[in-house]
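These notes concern the structure reproduced below.
The values are calculated or read from the model by the stated rules, or taken from the named source; none is laboratory data. As the structure is a computational prediction, the values presented were derived from the model and not from experiment. For neighbour counting, all protein chains shown are included, and Cβ atoms are generated from backbone atoms with ideal geometry for every residue, glycine included.
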Amino acid sequence: MRLFFAVALVMTAFAANSVLNRIGIAQYGMSPLSFAAIRVIAGAAMLWVLIAARTQTAPAIFTPKRFAGAATLATYMIGFSVAYQELDAGVGALILFGALQVVIFGWAIVEKQPIAPLRWLGVATAFMGLCVLLWPSQSTLMPFGSIAAMVAAAGGWGAYTLLGRAEADPLGATASNFLLCVPVVGFGLIGAGALPVTGIMTAVVAGALTSGLGYALWYQLLPKLATTVAGTAQLTVPVIAVAFGVIFLAEPLSLRLVLSGVLVLGGIGLSLLIKR
């Protein structure tokens, strides 16, 4: 039960990132790249405060794995921000999490991990729920550049997730990844001009709390989860994000939303029935 609630907390933090991103950009006028830059800087600052407060030896920063983690994190942050300049939220989330499943389960096949039929059924059911929730209700012209950016973001997040397995020091690894990511994503502040204070505060919350602390906890949980379970659990994020939209942004609650939530959560339940 502790593991279940910890995973639920992390998925909630990830969903809160989407809501905060919407508020910061759509309501407070932040540019996507500026929001991403402040988010990464705030996350790095929070994580290194925690590193300074603990008694363990400071983590090694300049290692090949840390550079790889920073690169995949930057790919996700930049790709996500660029894609949402043109993509609708639902379409973008469907592309992101659909491509993420390809990355996670594809890697599980490469590693020749045993994948039970019931787990495949669970993933298919959960993905069907996402399609019900996020597939556009009317035909739209899909911008290829934004689709490519979101696929790149999915590849970056999938690789970041895979790199987090078997980390001896999850907090140190996450802090190092964020610190090395700052120079890459920080270019979004160049020439940004005056930024709205409310937008900056939203980005700081997204970076320090729901990103920095959320990713650190995710890295700590990954060694305890099968790769396919880790991938399936992340399918809850769009559902939680839409629920937050209903509660905090007064978005309508529809039968389509309820049906998709049942399918996604039911599929995850099937997947988690399989013992490691």
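What to note about this one:
- Within segment 83-93, one or more residues are at pLDDT 75 or above, in contact with a Ser or Thr (Cβ under 6 Å, 6 or more places away or on another chain) and in a helix (DSSP H, G or I).
- Residues within segment 186-227 that are among the hydroxyl-bearing types (Ser, Thr, Tyr), buried (at least 17 other Cβ atoms within 10 Å of the Cβ) and within 19 Å of Val19 (Cβ to Cβ), tallied: 4
- Test: residue in segment 71-79 that is of a type in the set (Val, Ile, Thr), farther than 16 Å from Leu213 by Cα and either at pLDDT 90 or above or surrounded by fewer than 14 Cβ atoms within 10 Å (Cβ to Cβ) (or both): yes
- Odd one out for Thr57, checked against (1) part of a helix (DSSP H, G or I); (2) modelled with pLDDT of 75 or more: (1)
- Whichever residue in segment 22-54 is of a type in the set (Lys, Arg) and outside any loop (DSSP other than H, G, I, E, B) and, among such residues, is surrounded by the fewest Cβ atoms within 10 Å (Cβ to Cβ): Arg22
- Of residues in segment 165-185 being crowded, with 18+ Cβ neighbours inside 10 Å and of a type in the set (Gly, Ala, Ser), the one nearest to Val49 (Cα to Cα): Ala175
- For segment 97-132, filtering for residues that are in a helix (DSSP H, G or I) and either within 21 Å of the chain's Cα centre (by Cα) or basic (Lys, Arg) (or both) leaves 24.
- Single condition Ala53 does not satisfy, out of (1) touching a residue at least 40 places away in the same chain (Cβ under 8 Å); (2) closer than 22 Å to Tyr219 by Cβ: (1)
- Residue selection: Leu213 satisfies the criterion of being assigned to a helix (DSSP H, G or I), under 16 Å from the mean Cα position of the chain (by Cα) and modelled with pLDDT of 80 or more.
- Selection status of Arg276, modelled with pLDDT under 80, assigned to a loop (DSSP other than H, G, I, E, B), at negative phi and surrounded by fewer than 18 Cβ atoms within 10 Å (Cβ to Cβ): yes
- Any hit, segment 237-246, residues being modelled with pLDDT under 75 and of a type outside the set (Gly, Ala, Ser): no
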